[in-house]
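Readers should treat all values here as calculations from the given coordinates under stated rules, not as data from a laboratory. Everything numeric here is computed off the predicted structure, so don't read it as measured data. Cβ placement follows ideal geometry from the backbone for every residue including glycine, while neighbour counts extend to all protein chains displayed.
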Amino acid sequence: MLFRAQRDYDASSIPLYCSQVKVESQIVVRPARNVCGAVQLPGDKSISHRYAMLAGIAEGDSRLENYSTGADCASTLACMRALGVTWQKNSDGAIEIQGRGFCLSPPSQPLDCGNSGSTMRMLSGIVAGQKFSSEMIGDESLSRRPMQRVITPLTMMGARIASQEGKPPLCITGSALKAIDYQMPVASAQVKSCLLFAGLYAEGETRVEEPLPTRDHTEVALRAFGVQLESKAIGGGREVRIRRGQRLRGIDARIPGDLSSAAFFLCAAALFPASRLTVPNLLMNPSRARLLDILMQMGLRISVTQLAEIHGELVGSLEVEGGTLQGITISGSDSAAVIDELPVLAAVAPYSAKGIEIRDAKELRVKESDRIAAVAENLRRMGAQVEEREDGLKIPGAQTLHGAELDSFSDHRIAMAFAVAALRAQGETLIRGAESAAISYPAFFSTLEHIVGR
Ligand code: S3P
């Protein structure tokens with residue numbers, strides 16, 4: 001066995017989306033020689049959240065195939081149910097959602113967003129437009145994360161929001177919203193999405209301007225549900241305009257494979273020249289696919305076939321061949337475009353020829369963990385040299401790492417990033433808190449085990 005779980009671990013049976021429950025597990029990863037095979041990824045997390053929310057406020061039914069299997073997207077579905085939206089998981093695994101239109105029902109309990117910042121930030125835009133109050137809560141990690149970035153603009157639109165000095169829990173009293181013209185101080189797709197959702201309820205035209213382009217799944221999804229909006233480049237970023245009074249119609253969709261989950265396997269493949277990997281039905285949205293350019297610059301050979309568009313989202317199949325891992329500097333808009341993939345890129349950096357420098361990525365400090373500190377700590381435990389900076393990391397290349405006892409810091413992407421780093425270390429690596437992977441990808445460790453050659 002490549003991996004040994006300390007205790008039996010079946011993520012699908014652990015209700016991680018409930019902020020009260022935590023079952024710890026650890027995993028041991030042994031070195032590998034290559035990564036070969038095919039991986040089918042569960043549906044993209046970002047798109048799953050958005051489709052579940054929009055399907056809930058649409059008219060008519062939606063059917064979502066390949067919905068994300070992660071606990072975060074289960075949190076979104078649970079919150080929608082608490083707001084009166086009915087849905088079922090079919091025997092074929094598809095989620096069927098009966099849209100209620102814009103008016104939801106007052107929840108009888110707090111809306112439990114679990115570990116999911118996307119759920120809390122994006123859904124706050126919808127509950128702000130309701131005629132009732134909602135309390136939104138989260139787990140320990142989410143309760144430390146900044147919410148002022150949605151509180152400020154939603155308050156300008158007319159919502160009343162109480163918080164713990166800008167952090168959860170949030171008590172949102174909805175009202176008749178009015179449109180705003182808002183320049184976002186931080187490039188955040190979650191904040192943009194929150195305001196576009198609130199814009200569906202607000203009198204007038206809401207304009208949101210982002211300083212750098214962020215993922216555009218909300219714009220694409222809104223159009224798929226029948227909403228008209230305008231979006232164009234402005235300065236170094238983008239502006240989006242939306243008007244209320246537009247009806248959403250349910251959709252029938254197959255959600256493309258999650259590119260941020262694929263990143264772990266792609267980086268694992270990049271560690272070994274003998275790797276050969278196939279990834280069918282993968283999300284290729286240009287606002288997310290910068291990772292593929294970066295990996296190709298770093299020496300991974302990637303070819304894309306069977307490109308298609310589904311509800312405005314680009315999907316393709318990847319054929320990947322390992323090479324010799326080169327170094328790279330990632331900064332500016334690239335850092336924003338691959339913000340979720342930076343931990344795994346940093347975790348493989350010591351094995352690259354010339355190392356990796358990451359700049360302009362201060363947002364990493366306010367994710368599920370402080371990802372800059374978490375990556376630096378784990379790499380040091382493996383014997384790596386690392387320079388930690390306020391907005392990034394500088395990691396020299398050509399280093400030899402040894403197996404060590406690591407921590408996930410209760411962060412799914414840290415748990416998975418270091419399972420990848422462990423594949424080229426000398427000796428075994430133990431990862432505590434491995435269950436965190438289930439936040440986005442419950443089957444991660446078993447899938448990795450299938451494609452790793454030793
Ligand atoms: C997400 C946006 C990003 C990303 C998060 C998912 C989204 O967060 O880190 O995992 O689905 O919109 P920010 O919007 O805070 O940058």
Lys pairs in the range 103-253 with Cα under 19 Å (8 or more apart in sequence, or on separate chains) total 4
About its Cα centre, what dipole magnitude does the chain give when the only charges are +1 on Lys and Arg Cβ and -1 on Asp and Glu Cβ, stated in debye to the nearest 20?
260
Let me make sure I get this right: for the range 312-391, a, b and c are the square roots of the gyration tensor eigenvalues over alpha carbons, sorted descending. Under 1.5 in a/c it's rounded, otherwise prolate if a/b > b/c, else oblate. Which is it?
oblate
Among 179-192, 225-238, how do they line up from the highest to the lowest mean number of other beta-carbon atoms within 10 Å?
179-192, 225-238
Under the Karplus relation with 6.51, -1.76 and 1.60 and θ = phi - 60°, whole-Hz ³J(HN,Hα) for the range 400-409, x at Gly and Pro, equal 9, 9, 10, x, 7, 8, 10, 10, 7, 6
Honestly the chain on the Cα gyration tensor test (a ≥ b ≥ c root eigenvalues; a/c under 1.5 rounded, otherwise a/b vs b/c for prolate or oblate) is just prolate
Counting only DSSP beta bridges with both residues in the range 103-253, what percent are antiparallel, rounded to the nearest 5?
75
Which value in deg cm²/dmol, rounded to the nearest 500, describes the helix-derived mean residue ellipticity at 222 nm for the chain, given -39,500 (n - 2.57) per DSSP H run of n ≥ 4 and division by the residue count?
-8000 deg cm²/dmol
Whole-Hz couplings from phi, Karplus 6.51/-1.76/1.60, listed for the range 363-371; x for Gly and Pro:
4, 4, 6, 10, 8, 4, 9, 6, 6
For the range 103-253, take the alpha-carbon Rg, divide it by the Kirkwood Rh, and send me Rg/Rh.
0.95
The range 18-93 to the range 205-284: how many Å between their Cα centroids?
16
Would the range 52-96 count as rounded, prolate or oblate if I go by the C-alpha gyration tensor, calling it rounded below 1.5 in a/c and otherwise prolate when a/b exceeds b/c, oblate otherwise?
oblate
Cross-link reach from residue 394 to aspartates and glutamates, straight Cα distance under 14 Å and at least 8 residues apart if same chain, gives 357, 360, 377
What fraction of the DSSP beta bridges in the range 320-427 is antiparallel, stated in percent and rounded to the nearest 5?
60
Under 5 Å between amide H atoms, partner at least 5 residues away or on a different chain: which partners does residue 159 have, H built in plane at 1.01 Å?
none
Distance in Å, no decimals, from the C-alpha centre of the range 94-157 to the one of the range 416-438 is 33
Among DSSP beta bridges whose residues both lie in the chain, state the antiparallel percentage, nearest 5.
75
